[in-house]
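Everything on this sheet refers to the single structure shown next.
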Amino acid sequence: MSTVFILSCDNNEMEDELENDFPFEHVVSYEFLDTISTDEISARFGGNNLASGFINFDITAHKITYMTENYDGTEVEASGLVLIPIVSGSSKLTSFQHSTLAKDPNPEIDQEERAPSYLPQNNAEIHLSAALFASNGYMISAPDYIGYGSTGDMFHPYEHAQTTATTSYDMLIAAREYAEFLEVKLRTEGDTEVEELYLLGYSQGGNSTMALHKYIEENHSEEFEIIKSAMGAGAYHKTAVGDYIFNFEGELGFPISLYLWVMDTYDRVYLQRGMSYYLKEPFATEVADNGYFAISNTNPQEVFTEEFITDINDPSSEFRAALADNDVHNWKAEAPIKLFHSREDALVPYFNSVDAFESMNAMGSTEVLLETYEFGGDVDPEDIHGMAGGRFFSDVISNYFRF
């Protein structure tokens, strides 16, 4: 591990020499960010006894860039965060997909600075959860996704399954190469040279994790041996979500902005019809001028056009086909998956995980499990999705990945 410490000093000449001696194929650039001690990680958790049992190693943080393909087929230089535990043995390679980070013209709403490669203190997933997993021996590969970090000036194709999967997969390939460069040993399956791989993510990260797992098993099963995947509260069943949201009568009770973003993504990728096809006025103009978060109205029947809602209910419509192309709930998984979801989750309905659990098991998946959270009346309904996220990361590290 001496190379890690060399990278942490200011000897640029030594860094250049090391880079020139290594035949990079996937990493475009790399940057050492910080060394984070076990004491510092423990302080982040306030000495919590549960967390302290998993804080075993100092970690180093690095930003890397790599090439990947955007939704329109263009090659872009994407970025991500790598967290490496300083261990004498091997680390467990882990792809960590982050949850939704708002992109908005209003700087008070925009969350670009919370992307993983910024090593943000104001993103609990990275500052707390990812650091804890790394300190427990997991080497974290956390893609920013296209639209953040080095591609921050680009549109983020929100929950487009193919782009999410390839961006995260290419980050993994680059992270593995970076580990080789730093002489970091990764755990392999048995006597093979195939690296063991863990996958996890919550909310958008849950959807991204499912898409990545599916993509690896169907296209690159020889590259990694997926040991376990953990995914929480993801919108896996897009056609059912479309039925639920766009046909909902009355107030949804939560902002409609994220669904507008998904809708806009699918329009750009598949239809190219523009906001006026989807949204009534003045909403179409408001979104075009001020972004998805400008709309406060949460009544779908008042926001969406009758033409669009009619097409949503037409199995042969283009938008319906776009939703179906992003369904990731109905396939056969070879490696174990555990789904986590709150029954009372209004933002990402619970049926997403139930449908995935039932469909994937019916299709012969090796092991797909479902853990249901119950919060009841003690928690404000608006807080349930976030509360379940904190519990998800705790349960994964203390129970599911531990055995």
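The values are calculated or read from the model by the stated rules, or taken from the named source; none is laboratory data. All of these numbers come straight from a predicted model, not from anything done at the bench. All Cβ positions, even for glycine, are placed from backbone atoms using ideal geometry, and neighbour counts span all protein chains on display. These accessible areas exclude ligands, DNA and RNA; they are computed on the full protein's heavy atoms, side chains included. Shrake-Rupley method; radii C 1.70, N 1.55, O 1.52, S 1.80 Å.
The rows are residues; the columns are (1) within 19 Å of Ala324 (Cα to Cα); (2) surrounded by 23 or more Cβ atoms within 10 Å (Cβ to Cβ); (3) in contact with a Pro (Cβ under 6 Å, 6 or more places away or on another chain).
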| residue | (1), (2), (3) |
| --- | --- |
| Leu186 | no, no, no |
| Ala211 | yes, yes, no |
| Tyr215 | yes, no, no |
| Glu218 | yes, no, no |
| Asp267 | yes, no, no |
| Leu271 | yes, no, no |
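Of the conditions (1) under 23 Å from Gln97 (Cβ atoms); (2) crowded, with 17+ Cβ neighbours inside 10 Å; (3) of a type in the set (Val, Ile, Thr), Val194 clears all except one; give me its number.
(2)
If I filter region 244-294 down to residues being charged (D, E, K, R) and part of a helix (DSSP H, G or I), which single residue comes out as nearest to Gly73 (Cα to Cα)?
Arg268
Which residue pairs have Cβ atoms closer than 7 Å, lie 6 or more positions apart in sequence or on different chains, and pair a first residue in region 56-73 that is under 18 Å from Phe133 (Cα atoms) with a second residue that is part of a loop (DSSP other than H, G, I, E, B) and of a type outside the set (A, V, I, L, M, F, W, C)?
Once the first residue is under 18 Å from Phe133 (Cα atoms) and sits in region 56-73, its partners that are part of a loop (DSSP other than H, G, I, E, B) and of a type outside the set (A, V, I, L, M, F, W, C) give Asn56/Asn136; Asn56/Gly137; Phe57/Gly137; Asp58/Ser37; Thr60/Ser8.
Report yes if some residue within region 300-309 is open to solvent by 50 Å² or more (accessible area, probe 1.4 Å), more than 23 Å from Gln111 (Cβ to Cβ), of a type outside the set (Gly, Ala, Ser) and within 28 Å of the chain's Cα centre (by Cα); otherwise report no.
No, region 300-309 has no match at all.
If Ser353 satisfies all but one of (1) modelled with pLDDT under 95; (2) crowded, with 17+ Cβ neighbours inside 10 Å; (3) small (Gly, Ala, Ser), what's the number of the condition it fails?
Unmet condition: (1).
Assigned to a helix (DSSP H, G or I) and crowded, with 21+ Cβ neighbours inside 10 Å: does that describe Phe319?
So Phe319 fits the description; yes.
Among the candidates Arg402, Arg391, which residue alone is in a loop (DSSP other than H, G, I, E, B) and basic (Lys, Arg)?
Of the residues listed, the single one that is in a loop (DSSP other than H, G, I, E, B) and basic (Lys, Arg) is Arg402.
Please enumerate the residues belonging to region 18-47 that are open to solvent by 70 Å² or more (accessible area, probe 1.4 Å) and polar (S, T, N, Q).
Asn20
On the basis of being aliphatic (A, V, I, L, M), open to solvent by 10 Å² or more (accessible area, probe 1.4 Å), assigned to a loop (DSSP other than H, G, I, E, B) and closer than 25 Å to Ile216 by Cα, does Ala235 make the cut?
Details: aliphatic (A, V, I, L, M): yes; open to solvent by 10 Å² or more (accessible area, probe 1.4 Å): yes; assigned to a loop (DSSP other than H, G, I, E, B): yes; closer than 25 Å to Ile216 by Cα: yes.
Here the answer is yes, as Ala235 does meet what is asked.
Restricting to region 322-348, name every residue that is under 27 Å from Arg268 (Cα atoms), outside any loop (DSSP other than H, G, I, E, B) and either open to solvent by less than 30 Å² (accessible area, probe 1.4 Å) or touching a strand residue (DSSP E or B) at 6+ places or on another chain (Cβ under 7 Å) (or both).
Within region 322-348, Ala322, Leu323 meet the criteria.
Restricting attention to region 113-132, which residues are surrounded by fewer than 24 Cβ atoms within 10 Å (Cβ to Cβ) and either over 16 Å from Ile41 (Cβ atoms) or at pLDDT below 95 (or both)?
Result: Glu113, Arg114, Tyr118, Asn122.
Under 6 Å between Cβ atoms, which residue pairs at least 6 apart in sequence (or on different chains) link something in region 239-265 that is among the hydroxyl-bearing types (Ser, Thr, Tyr) with a partner that is exposed (fewer than 15 other Cβ atoms within 10 Å of the Cβ)?
That search, which allows pairs on different chains as well, returns Thr239/Ala324.
Among the residues of region 141-153, is there at least one that is within 12 Å of Leu93 (Cα to Cα), of a type outside the set (S, T, N, Q) and either surrounded by fewer than 19 Cβ atoms within 10 Å (Cβ to Cβ) or at pLDDT 95 or above (or both)?
yes
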